1. Based on what the data block shows, is G67 closer than 20 Å to V231 by Cα and either small (G, A, S) or more than 12 Å from the ligand (Cβ to nearest atom) (or both)?
2. Show the residue pairs that are 6+ apart or on different chains and have beta-carbon atoms under 7 Å apart, the first residue being within region 30-41 and touching a residue at least 12 places away in the same chain (Cβ under 8 Å), the second being of a type in the set (D, E) and within 8 Å of the ligand (Cβ to nearest atom).
3. Hey, could you check region 14-48 for residues that are assigned to a helix (DSSP H, G or I) and away from the ligand (no atom under 16 Å from the Cβ) and say which is farthest from the chain's Cα centre (by Cα)?
4. Of the conditions (1) assigned to a helix (DSSP H, G or I); (2) under 16 Å from the mean Cα position of the chain (by Cα), R253 clears all except one; give me its number.
5. Could you check how many residues of region 136-189 are among the basic types (K, R) and under 22 Å from the mean Cα position of the chain (by Cα)?
6. With the requirement that a residue be touching a residue at least 60 places away in the same chain (Cβ under 8 Å), away from the ligand (no atom under 16 Å from the Cβ) and not in a helix (DSSP H, G or I), what does region 138-171 give you?
7. Exactly one condition in (1) assigned to a strand (DSSP E or B); (2) touching a helix residue (DSSP H, G or I) at 6+ places or on another chain (Cβ under 6 Å) is not met by S68; state its number.
8. Check E42, E55, E18 and return the single one that is at pLDDT 95 or above and surrounded by fewer than 16 Cβ atoms within 10 Å (Cβ to Cβ).
Amino acid sequence: MPDEAKQEIRGEAEFEDEVIEPREIPEGKRVLVITAHPDDAEFGCGGTVARWAAEGCEICLCVVTDGSSGSDDPEMTPAKLKATRHEEQLAANKILGITSLVNLDLPDGMIVPDLALRRELVRVIRQFRADVIVCQDPTSWFHGNRYINHPDHRAVAIAAVEAVFPGAGNRNYFPELLDEGLEPIKIHEVYISNSQQPDVWVDISDFIDQKVEALRQHKSQMGDWDPGPMVSKWAAEDGKKRTPPVAYAEDFRYMKIDG
Ligand SMILES: [Zn+2]
């Protein structure tokens, strides 16, 4: 029976009673972080991936766009910015312990969650043989009353969760990937960063310096702004929400997927 049919028969009621303990450290060791832009991972989960890498996880970062729209400087060309941001991301990855980088190089600002993107992400998930996915929040339109979430963040997050289920684990989705030797793989853990409904706060007290230093590598985006004070303040606020509280934390919505 296909997975979808099983879910329909079981319905939502059965899932409501299951208590899932959100995990600060994932069960799986192979972590694929999927983001829209260079620097998204550092803002959303930089401290967490640094901690997980230090604790033995293998971390791959997949950046969907080429970052070529991230400047209002008339002297900066999209091609130059793309190359610059690629170098900045590599420098940041080194600080965080991210050992592989996949750039899909789609045009920055133009992402829609279509089947082509879903297939690309299924391909990356299967190539890396991921156990755990970290992605942005597909449901997040607004952060407070001062920030409209970037449409690329939402679009990439939608495609990412659709790639997790039902794409990556189903043999009949994208059969052309089977021809490439990419066998289906079931993903059991997803961490949604910057979620509207967080349920796990990862203690990053020992990794806040790495998070800030990684962000500083994105010089084309930071300009004269030092991200340290603001980013530390946000992480300290999240640290207070953890039980028990810690100096610095990052929050996620944790999903433990059956199957
Ligand atoms: Zn972004």
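The values are calculated or read from the model by the stated rules, or taken from the named source; none is laboratory data. The model shown is predicted, which means the values in this text are computed figures rather than measured ones. Here Cβ is always computed from backbone atoms with ideal geometry, including for glycine, and neighbour counts include all displayed protein chains.
1. No: the conditions fail for G67.
2. A36/D152; H37/D152
3. E14
4. (1)
5. Residues in region 136-189 being among the basic types (K, R) and under 22 Å from the mean Cα position of the chain (by Cα): 2 in total.
6. The answer is G169, N170.
7. (1)
8. Every option except E55 fails the conditions.
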